[in-house]
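Data block below; observations after.
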Amino acid sequence: MIVTSSSDEKLARARTLGAWATVNYRTTPDWDKEVWRLTEKRGVDHVVEVGGPGTLGRSMNTVAAGGQIALIGVLTGFDAPDASLFPLLARNARLDGIYVGSRAHFESLNAFLTQHQIRPIIDRTFVFDDAPAAFAHLQSAAHFGKIVISLP
Ligand SMILES: NC(=O)c1ccc[n+]([C@@H]2O[C@H](COP(=O)([O-])OP(=O)(O)OC[C@H]3O[C@@H](n4cnc5c(N)ncnc54)[C@H](OP(=O)(O)O)[C@@H]3O)[C@@H](O)[C@H]2O)c1
């Protein structure tokens, strides 16, 4: 797994959790070229795309032949991407939109987590009355992992 972030501190933590390579997208703006180099021009099988239009072009440059890009988030906005779609075609790659899931999906996800004893990384938990602070923490982008609001 290759992880990107603007924070070297977060990337160091990602490596302790199993990332075999990391790229700081702020200090390495051409991070797609770096991923291409790291994978010896093979590319990656799966891209988890949370940036959306502003990052999709570089994600398409990093995907391997026959690979898949899962479009999960649009943190760079809702505009149309200005990138060429040609890399998708040339690599027989797929672009799949993913918008949350059903209750059945959530239950099978939780069963999988339990069965394989996977514990999600929780950054901080806020009580419900502190929900505005939880959103401010999310906005600060200082978190690593999930921010939880516990219900009374
Ligand atoms: N489709 C769905 O079902 C679904 C489900 C859950 C979440 N989402 C969406 O997915 C997105 C991410 O959620 P999350 O919980 O993973 O958020 P998160 O924990 O805050 O992670 C966001 C990641 O995106 C990176 N990032 C932010 N802006 C970026 C940019 N301009 N260029 C490159 N990378 C950038 C951040 O990098 P840094 O490390 O530098 O901060 C961070 O690694 C959100 O838009 C959320 O609404 C969608």
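Considering only region 27-67, state which residues are basic (Lys, Arg) and crowded, with 21+ Cβ neighbours inside 10 Å.
Hit for region 27-67 is Arg58, nothing else.
Considering (1) of a type in the set (A, V, I, L, M, F, W, C); (2) surrounded by fewer than 10 Cβ atoms within 10 Å (Cβ to Cβ); (3) at pLDDT below 95, say which one Ala104 fails and leave the rest.
Against the list (1) of a type in the set (A, V, I, L, M, F, W, C); (2) surrounded by fewer than 10 Cβ atoms within 10 Å (Cβ to Cβ); (3) at pLDDT below 95, Ala104 comes up short only on (3).
Just to be sure before I move on: is Val100 free of Cβ contacts under 8 Å to residues at least 24 places away in the same chain, in a loop (DSSP other than H, G, I, E, B) and hydrophobic (A, V, I, L, M, F, W, C) in the structure I sent?
When the stated conditions are applied, Val100 passes them.
If I go through region 106-126 residue by residue, how many of them are without any contact (Cβ under 8 Å) to a residue 12 or more places away in the chain and outside any loop (DSSP other than H, G, I, E, B)?
Within region 106-126, residues that are without any contact (Cβ under 8 Å) to a residue 12 or more places away in the chain and outside any loop (DSSP other than H, G, I, E, B) number 10.
Can you pull out the residues in region 75-108 that are within 21 Å of Glu34 (Cβ to Cβ) and within 11 Å of the ligand (Cβ to nearest atom)?
Result: Leu75, Thr76.
All but one of (1) of a type in the set (Asp, Glu); (2) surrounded by 10 or more Cβ atoms within 10 Å (Cβ to Cβ); (3) not in a loop (DSSP other than H, G, I, E, B) hold for Asp129; state the number of the condition that does not hold.
Only one criterion in (1) of a type in the set (Asp, Glu); (2) surrounded by 10 or more Cβ atoms within 10 Å (Cβ to Cβ); (3) not in a loop (DSSP other than H, G, I, E, B) is unmet by Asp129, namely (2).
Among (1) of a type in the set (A, V, I, L, M, F, W, C); (2) within 22 Å of Gly145 (Cβ to Cβ); (3) surrounded by 12 or more Cβ atoms within 10 Å (Cβ to Cβ), which single condition is Trp20 missing?
Looking at each condition in turn, Trp20 falls short on (3).
The values are calculated or read from the model by the stated rules, or taken from the named source; none is laboratory data. Please read these numbers as outputs of a predicted model, since none were measured by experiment. FYI the Cβ positions are ideal-geometry reconstructions off the backbone, even for glycines, and counts take in every protein chain you see.
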